[in-house]
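Trainee: Shown below is the structure under consideration.
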Amino acid sequence: MKVGGVGDLVCTHLSSQLAPPPLYVGPPVVVPFLYSSYAEQHSNELMTLFDVIKKSGMQTPILLGDFNHGPARTDGVVAEFPFYYGLMNARGFVTPYVLTDGRCTFCIDNPLTGGLFPDTIIDHIYITTDTTKRVICARRFFDVVSPPIGTPLSDHYGVKVRLYNIRNEECSALQQCRYNCASQIKDLSPFEPNFNEVCFS
């Protein structure tokens, strides 16, 4: 989705490393299975994403979603498919959130995960390295209990990156919950009244 003054927004969801394989090798699930491992499927999806970006001629791609890969950190966050996170960096994509906030997005303390998985950062807003000069701040949000439902909005916490648009006015790229990606410019998020205020770490 092209957003004027912001860039070309792409919302995606890459396959996760489930166990034992192969439970998720579609859609559709076929016999023989399409991939020998989740790593192979993840790699294929990532190559497809790169190919789509290249063929579409996107000038300023901004990639949002549950990528199911991420780095390890010294604060207890464990790596998930770290090779593919490194591949994103090698292809010129960086995640301001990892560099500035870096708390887990899929977390053991989220009641919706059942406490069965370690802390990971697998939800990202990737921007190109030449877009980093537009970044104001990045942080996690949608990470508190929502009063109407008594739980967080999702088993994944959201990631927010605030940046200057191409005309040097402020705008925001936003990943909402697990599957809902959107962009809002000079507009308030319906879930967070302070969406357009300064980011706080």
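Trainee: At q = 0.19 Å⁻¹, what base-10 log of I(q)/I(0) does the Debye formula yield for segment 99-144 when every alpha carbon is treated as an equal point scatterer in vacuo?
Mentor: -0.68
Trainee: Right, something else. Counting alpha carbon pairs within less than 8 Å and at least 6 residues apart, what relative contact order, in whole percent, applies to segment 43-83? Each step should come with its number before you reach the end.
Mentor: Details: 22 pairs, mean separation 9.5, N = 41.
Once normalised by length, the contact order is 23 percent.
Trainee: Of the beta bridges DSSP finds with both residues in segment 1-156, what % are antiparallel, to the nearest 5?
Mentor: On the way: 12 of 18 bridges.
Looking only at bridges with both residues in segment 1-156, the antiparallel portion is about 65 percent.
Trainee: Charges on Cβ only, +1 for Lys and Arg, -1 for Asp and Glu, centred on the Cα centroid of segment 96-152; of 131, 144, 97, which one is farthest towards the dipole's positive end?
Mentor: Selected residue: 131.
Trainee: How do 4-11, 72-79 rank on mean C-beta neighbours within 10 Å, highest first?
Mentor: 4-11, 72-79
Trainee: Could you list which residues have their amide H under 5 Å from that of residue 137, counting only those 5 or more apart in sequence or on another chain, with H placed in the peptide plane?
Mentor: So residue 137 has HN proximity to 162.
Trainee: Taking K and R as +1 and D and E as -1, what net charge do the other residues with C-beta under 9 Å from the C-beta of residue 138 add up to? Each step should come with its number before you reach the end.
Mentor: Working: positive: 139, 140, 160, 162; negative: 101.
Taking every other residue near residue 138 into account, the sum is +3.
Trainee: Which shape class applies to segment 1-153: rounded if a/c is under 1.5, otherwise prolate when a/b exceeds b/c and oblate if not, where a ≥ b ≥ c are the square roots of the Cα gyration tensor eigenvalues?
Mentor: Judged from the Cα gyration tensor, segment 1-153 comes out oblate (a/c at least 1.5, b/c at or above a/b).
Bear in mind these aren't lab numbers, they're just calculated from the coordinates by the rules spelled out. None of these values were measured; they are calculated from a predicted model. For neighbour counting, all protein chains shown are included, and Cβ atoms are generated from backbone atoms with ideal geometry for every residue, glycine included.
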